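Taking it in order: structure first as structure tokens, then the write-up.
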């Protein structure tokens, strides 16, 4: 019942926040209810057909964002009736004409939504739409800009490129923007000046010389693809191609690179480009065979910050180890298997970021990989809240979708933690491979991944996902330990950075150092305060929490309690605002005197106090500042400093 209440509470909270956000969005953007209703109608109409094929036959140059040509969309009706064919295209693009099943049709536009009336088609009928259009998009050069034309500041080359994630495909071609409706095959034909090359998806099947010093590049891909991965890059390039040889594949995988024609560019990036084959071979071993091996992988350089994982041909700003391996890994996580909603962008970005760790561990060193994960953890710890899962009302904001701290770094860190929870690398990587097999050419949510992980690991991962995926924040710990006879007592006090998630139930490793060696034990914490008793007949000299860095955690304070000294104690949290917890050690109780003084030595509080092994003192009435707390049993006394905030 408690879990059900929490779920209901969160759902109602999200609904309230969604309503608030929608009203704010309408106010900020000046949207009228009629436009919203039109957009809703358009989404319903687009859901009535399933896209099977796109053909882009367009003209583009390296020095302009002007686009002209036509796009053919072939689809199958999946509703009982379809009498209006709907698609999206930005209103600054002029539509010259629309043909449905080879018949010219009238159309209406409402902002970016286009509606074409047609004779009614029934379920299972084929529909082919050909849209002739032209126009010039705003050339902002921003990352999520649809189409851009910029000059590289480093190399001087001018490039026109597209980047459609998340909602920008409609800025340069007519489209149905639906994550779950992957396109079975796509042709991308681009006519340009003959001193240009055009990089795109799939296989370059033909280069056709045309009059007036023009040339047409004809790319074709027959792998299913989500709409936002369709791309072009136009510029003066040189083609540098190499091959990868993943184990288990009889043939090789082409790696086709379109590099600026500046004579210094290729020599500068040669080492990093050549490393791509190592990445393909590594990820094919870890995740399953490179999913598009029948076509290619490749890169097209463009003057953007970072990269974009366009299917079979990434667009990127430069070549470096982590950027290259991150974008390549998206071919598995994001392209072959795609997030089913923007709320589940973790499937794309969390796994691609974790692939950075895996590449560093295999191709550089374990030490480098661990430092990379520590950097992820440090970034997550900069703020106290936020979930990896994106509530639907937030999943329209690209800044939230692609939040580097949550979607990327925390997303990667919780996969690393999940690997630890699963407890077997064999099982963990089998999960990764099975997800690629079961959801090949399709889409997946975080809960879909959870179901596969539970099935193959035999573990219930509900707590894990509620805490780390849907929950917020991270745990931090105050730990004391003591040794009596042949037993080690470890008392763990867990606090959390966000009230949304008051407890992280999880396994934790403790490295126990003793004279002559050390040992690692794994303990499962299921309460905020928990004491573990461990058989230990050697003198313990220290304890290290999470020695292999599996878990995101904040402040860890570890102290040894001297059981022979009656007044030895630990205080937490420190700094503290209201209730100061005092831990005296296992099996201690009795009458004590507490004395609190400020930094000048002025006595603030003195009281007699009966305590058991763990008690608390109310300090909510104290002014902010530094204080000293003394505990005395009449014979012994101990003092510790604390901060009231």
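Listed values, structure above:
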| read-out | value |
| --- | --- |
| Inter-probe distance in nm under a simple model that places probes 7 Å from Cα toward Cβ, at residue 64 and residue 214 | 1.2 |
| 132, 610 arranged by Cβ crowding within 10 Å, fewest neighbours leading | 610, 132 |
| Percentage relative contact order, region 565-645, counting C-alpha pairs under 8 Å, at least six apart | 36 |
| Exposure proxy order (Cβ contacts within 10 Å, fewest to most) of 172, 161 | 161, 172 |
| For region 301-333 versus region 75-149, the gap between their alpha-carbon centres in whole angstrom | 30 |
| Residue 126-residue 271 FRET efficiency (beta carbon distance; Förster radius 51 Å; 0.05 resolution) | 0.55 |
| Chain lengthening between residue 442 and residue 241 when straightened (0.36 nm per residue, less Cα-Cα) | 69.5 nm |
| The chain, relative contact order in percent, only Cα pairs under 8 angstrom and at least six apart counted | 8 |
| Inter-centroid distance (Cα atoms) of region 403-423 relative to region 443-465, Å | 14 |
| Using alpha-carbon coordinates, inclination of helix 446-457 to the longest axis of the chain, degrees | 60 |
| Cα gyration tensor shape of region 474-560, rounded if a/c is under 1.5, else prolate or oblate by comparing a/b with b/c | prolate |
| Relative contact order of region 42-331, pairs being alpha-carbon contacts under 8 Å that are 6 or more residues apart, as % | 16 |
| Calculated log10 I(q)/I(0) by the Debye sum over Cα atoms at q = 0.06, 0.10, 0.12 Å⁻¹ (choose from [x] -0.50, -1.06, -1.29; [y] -0.43, -0.97, -1.24; [z] -0.38, -0.92, -1.27), label | [y] |
| Rg [Å, one decimal], Dmax [Å, integer] - region 184-310, C-alpha atoms | 15.2, 49 |
| Whether region 42-331 is rounded, prolate or oblate, judged on the alpha carbon gyration tensor where a/c under 1.5 counts as rounded | prolate |
| Estimated inter-spin distance, residue 507 and residue 433, nm [label 7 Å along Cα→Cβ] | 2.1 |
| Linear extension gain, residue 91 paired with residue 624, 0.36 nm per residue minus alpha-carbon span | 186.1 nm |
| Value of Rg/Rh across region 565-645 [Cα atoms, Kirkwood radius] | 0.94 |
| Burial ranking of peptide ranges 632-641, 267-276 (average Cβ count within 10 Å, highest at the top) | 267-276, 632-641 |
| Cα→Cβ-extended label distance, 7 Å offset, between residue 363 and residue 527, nm | 4.8 |
| Rounded, prolate or oblate (a/c below 1.5 giving rounded, otherwise prolate when a/b exceeds b/c) for region 358-469 by Cα gyration tensor | oblate |
| Neighbour-count ranking [beta-carbon atoms within 10 angstrom, fewest first] of 432, 313, 136, 289 | 136, 289, 432, 313 |
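Only the coordinates and a few stated rules stand behind these numbers; no lab work does. Quick caveat: nothing in here was measured; it's all calculated off a predicted structure. Positions of Cβ are backbone-derived with ideal geometry, glycine not excepted, and every protein chain shown enters the neighbour counts.
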